[in-house]
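Single-structure report; data block below.
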Amino acid sequence: MASICAVCEKSSEVGGRIYNCDSCRRPLHADCIGLTATEIKALDLRQRVLKLFCLDCEKGLACLPKVLCKLNNLTDTVNKIDKFIFGNEDSTASLFKSEIVNEINDRVLRKNNVIFYNAKESDSELPEERKNFDLKIVMKSLSKICTVSETVKL
């Protein structure tokens, strides 16, 4: 089966010799990408050194130094933050670490919570009365959106 050139969309039978991009493997006619006779000879070598890239891959390669620079900057920033948080055992870093751990633990405890906004709060100081009051609010709210047929246990 003949390959179809990604540039002119013609087969190798019509447009001549096709080479594949060394990055994305996209087929390309030598004429469509302007290969010289010397480049064609170099690409045809068994142990070739010359690499062939389509325009899209070439653009991507041109951006690579910028991407690497940004990646290095990001890595440096992360390392500085890591060193600040975990490398310095002064009281500030230690406090910061404990706050992070406490926040994570608190989130784990609250992962199944449901929040009712604008719900009236109980005035009671007794935990059992507050719990019963909250249960009534929840049941009233649920009854407005669905039929509650099961007993709810808190």
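A few comments on the model shown:
- Fewest-first ranking of LEU28, LEU52, using other Cβ atoms within 10 Å as the exposure measure: LEU52, LEU28
- Identified option (computed semi-axes √(5λ) of the Cα gyration tensor in Å; candidates (1) 67, 30, 11; (2) 39, 20, 15; (3) 28, 17, 12): (1)
- Computed [θ] at 222 nm, helices only, for the chain once each DSSP H run of length n ≥ 4 contributes -39500 (n - 2.57): -16500 deg cm²/dmol
- Backbone amide hydrogens, once placed in the peptide plane, bring ASP22 within less than 5 Å of LEU52, PHE53, CYS54, excluding anything fewer than 5 places away on its chain.
- Label point of ASP56 set 7 angstrom out along Cα-Cβ; within the stretch 6-39, amide nitrogens under 17 Å from it belong to 6-10, 19-29, 33.
- For the chain: relative contact order, % (alpha-carbon pairs under 8 angstrom, 6 or more apart): 10 percent
- Extension gain, GLN47 to LYS136: 0.36 nm times the residue separation minus the Cα-Cα distance gives 24.0 nm.
- Comparing GLU39, GLU58, GLU125 in a Gaussian network model of the chain, where Cα atoms under 10 Å apart are tied by springs, the biggest mean-square fluctuation is seen for GLU125.
Here, each number is a calculation from the coordinates, and none is a lab measurement. Because the structure is predicted, anything quoted here is derived from the model rather than measured. Counting neighbours? That spans all protein chains shown, and the Cβs are built from the backbone with ideal geometry, glycine included.
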